[in-house]
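So the structure is just underneath, and the comments pick up after that.
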Amino acid sequence: MTETRDDDAAARARALCGRTLDGRYRIEKVLAMGGMGAVYLARHVRLRKRVALKVLHPSAEDNPELVTRFEREAQAGAQVSHPNVACATDFGELGDGTRFLVMEHVRGATLREVVEQQGPLPPLRAARIARQLAVALAEIHGHGIVHRDLKPRNVMLS
């Protein structure tokens, strides 16, 4: 049954490609699927700027705890300005109640992709990445924010 739900979520995510959300964000492609939503590469149509756009899954809209968590993520992402943290630039709700979060688009590969392609990282490179993660976490912790979903798939290497 999980596969069907995952397949439905993936089909819904793909269906948004080519559409424009809120009259401002043209969705180009799906970048990732997560538990709460899908992340897309999008473009602000007037500014012609690439952004990452996270759209909450419709099934999550019925879960007040997930909606609250998504809104906290948006608020937290807007508070932090740091070179190692992707900042949130916009947040909205569509007419059908679908919520979305717009973030800075970071070019590069995820830590997960790099490890899958290259295998274990050399110790010096791993230490540099760990240091940057620690500095980023210290910054967000300084704002009273706890990340809650730190994993290789969520770490971008640019």
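The values are calculated or read from the model by the stated rules, or taken from the named source; none is laboratory data. Quick caveat, the model's predicted, so the values are computed rather than measured. For the accessible areas, the whole protein counts, side chains as well, though only heavy atoms, and no ligand, DNA or RNA atoms are used. Shrake-Rupley method; radii C 1.70, N 1.55, O 1.52, S 1.80 Å.
Structure values in brief
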| quantity | calculated |
| --- | --- |
| Amide hydrogen neighbours beyond the local backbone of Val155, cut-off 5 Å, H modeled | Leu111, Arg112 |
| Calculated on alpha-carbon atoms, Rg and Dmax of the chain in Å | 16.3, 50 |
| Of all accessible heavy-atom area on the range 1-140, the percent that carbon and sulfur account for (1.4 Å) | 50 percent |
| Other-chain or far-sequence residues with amide H under 5 Å of Val51's (modelled H) | Ala42, Arg43, His44 |
| The range 147-156 - phi-based ³J(HN,Hα) in whole Hz, Karplus 6.51/-1.76/1.60, Gly and Pro as x | 4, 6, 9, 7, 7, x, 5, 9, 10, 8 |
| Relative contact order (%) - criterion: Cα under 8 Å, at least six apart; region: the chain | 16 percent |
| HN-Hα J in Hz across the range 124-138 - Karplus 6.51, -1.76, 1.60, θ = phi - 60°, x for Gly and Pro | 5, 5, 4, 5, 5, 5, 4, 5, 5, 4, 5, 5, 5, 5, 4 |
| HN-Hα J in Hz across the range 86-97 - Karplus 6.51, -1.76, 1.60, θ = phi - 60°, x for Gly and Pro | 6, 8, 8, 10, 7, 8, x, 9, 7, x, 8, x |
| Heavy-atom accessible area per residue - the chain, 1.4 Å, Å² | 63 Å² |
| For Asp90, distant residues with modelled amide H under 5 Å away | Val102 |
